[in-house]
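The values are calculated or read from the model by the stated rules, or taken from the named source; none is laboratory data. All values reported here derive from a predicted model rather than from experimental measurement. Here the Cβ positions follow ideal geometry from the backbone for every residue, glycine too, while neighbour counts run over all protein chains shown. Protein only, heavy atoms only, side chains kept; ligands, DNA and RNA dropped before computing areas. Shrake-Rupley method; radii C 1.70, N 1.55, O 1.52, S 1.80 Å.
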Amino acid sequence: MSAANKINIHHPFMDGVIIQSLANGVVEALKIMVNIEASFEKPFVGTNWKSPTDFSVYLNLNSDFYRGRIQFHFTEMVAKTIVEKLIGSEVIEKSEILDGVGEISNIFYGGAKTKLNSLGLNLAMSLPKPCLTKDLPKAIAETTCMLIPFKVLGEICYVEIILN
Amino acid sequence: MFTPNTRFLVVDDFNTMRKAIKKIFGEMGYTNIIEAADGQAAFETLQYQHAKGEAIDVIISDWNMPRMLGIDLLKLCKKTPEFKSLPFVLLTAESEQVQIIDAVKSGVSEYVIKPFSPQMLKEKLEKVYRKHNAATKVA
Ligand SMILES: [Mg+2]
């Protein structure tokens, strides 16, 4: 196995502060934008992990030090509820759900990026790309990833970090 | 506050965010809202509306968008005589100090960070109105 697809326990992304800023970004965005409570569960390292959810959003992580990807995974019920609360009307089309989770993930990432860059990570802006979880394009170093599960409306969604 | 017939240009690459802003504005009594999906499309809309005599009164724009960023749209507007005095609000998930400083130097009217609540947006809009009103009274 090459060193490229391992997340070392000493890797800066395994740092509590970083995990905390990602978690806070999610909790805050859901609370302020749509008045939904979310709580974080214990993070874990996944090997060949496949998200059991329906909708996903991926953003490229690009900094002076790291390359990789951050992915947000949502169940259909959670994704649909978030989008409906955002726009104030019922959502029927999958394309509308995709658009909505794309924007909420953009907000999740924005808050975290500001915090992480204040710690000197120097992450660049990234355009979020939403898709069905089953259609997620493969990231280069996919064998090992870091997962932060969060509970929303009784269902589990995930923040996933993949580092190259 | 801005009159109910004020014409707003809402710029965001995500349709959901444009709809969310429209919903909040609708609750404030504003229904005259034109949308654009990026800075480039927004600038074309500004020119088009100006040419047909239905000029945009206030711009609400995202930062991170394909084709043209919100910050570049702001800079372009400030260089364009017809649009340079338009109130321009950046409504964005970008919240780093350097970005806020860049926006302020470029003449942004208000900077609203996503996530935001309807109340936060309303308060910022009132602030923009007061600032703009004071500026036009002096001029
Ligand atoms: Mg955007």
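Things to note:
- Selection count, region A:113-130, where residues are closer than 25 Å to B:Arg67 by Cβ and either at the interface with another protein chain (Cβ under 10 Å from one of its Cβ atoms) or out of contact with any strand residue (DSSP E or B) (no Cβ under 6 Å at 6 or more places or on another chain) (or both): 10
- Lone unmet requirement of (1) more than 14 Å from chain B (Cβ to nearest Cβ); (2) at pLDDT 85 or above; (3) in a loop (DSSP other than H, G, I, E, B) for A:Asp64: (2)
- Here the condition is being away from the ligand (no atom under 16 Å from the Cβ), of a type outside the set (S, T, N, Q), assigned to a loop (DSSP other than H, G, I, E, B) and touching a residue at least 40 places away in the same chain (Cβ under 8 Å); of B:Ile24, B:Ile56, it holds for B:Ile56 alone.
- Scope region B:95-125; condition within 19 Å of A:Ala112 (Cα to Cα), touching a residue at least 24 places away in the same chain (Cβ under 8 Å) and assigned to a helix (DSSP H, G or I); matching residues: B:Gln99
- The set of residues from region A:77-88 being open to solvent by 60 Å² or more (accessible area, probe 1.4 Å) and within 11 Å of chain B (Cβ to nearest Cβ) comprises just one member, A:Lys85.
- Hits in region A:116-132 - residues which are within 25 Å of B:Thr16 (Cα to Cα) and surrounded by fewer than 19 Cβ atoms within 10 Å (Cβ to Cβ): A:Ala124, A:Met125, A:Ser126, A:Leu127, A:Lys129, A:Cys131, A:Leu132
- Qualifying residue in region A:135-144 (condition: part of a strand (DSSP E or B) and either away from the ligand (no atom under 16 Å from the Cβ) or under 25 Å from A:Lys31 (Cβ atoms) (or both)): yes
- Just so you know, in region B:1-31 the residues that are more than 14 Å from chain A (Cβ to nearest Cβ) and surrounded by 16 or more Cβ atoms within 10 Å (Cβ to Cβ) include one that is farthest from B:Phe83 (Cα to Cα), and it is B:Tyr30.
- Which numbered condition B:Glu94 fails, given (1) open to solvent by less than 20 Å² (accessible area, probe 1.4 Å); (2) more than 13 Å from every other protein chain (Cβ to nearest Cβ); (3) acidic (Asp, Glu): (2)
- Which numbered condition A:Ser89 misses (of (1) free of Cβ contacts under 8 Å to residues at least 40 places away in the same chain; (2) part of a helix (DSSP H, G or I)): (2)
- Residue tally, condition within 16 Å of the ligand (Cβ to nearest atom) and open to solvent by 50 Å² or more (accessible area, probe 1.4 Å), over region B:32-53: 2
- Restricting attention to region A:89-107 and to residues that are within 13 Å of the ligand (Cβ to nearest atom) and of a type outside the set (Gly, Ala, Ser), the residue that is most open to solvent (accessible area, probe 1.4 Å) turns out to be A:Asp99.
Residue-by-condition table, conditions (1) under 18 Å from B:Asp62 (Cα atoms); (2) free of Cβ contacts under 8 Å to residues at least 12 places away in the same chain:
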position: A:Arg69; (1), (2): no, no
position: A:Thr75; (1), (2): no, no
position: A:Glu84; (1), (2): no, yes
position: A:Glu93; (1), (2): no, yes
position: A:Ile97; (1), (2): no, no
position: A:Ser105; (1), (2): yes, no
position: A:Ala112; (1), (2): yes, no
position: A:Lys115; (1), (2): no, no
position: A:Gly120; (1), (2): no, yes
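- Residues in region B:71-79 include at least one that is in contact (Cβ under 8 Å) with a residue 12 or more places away in the chain, within 12 Å of chain A (Cβ to nearest Cβ) and of a type outside the set (D, E, K, R).
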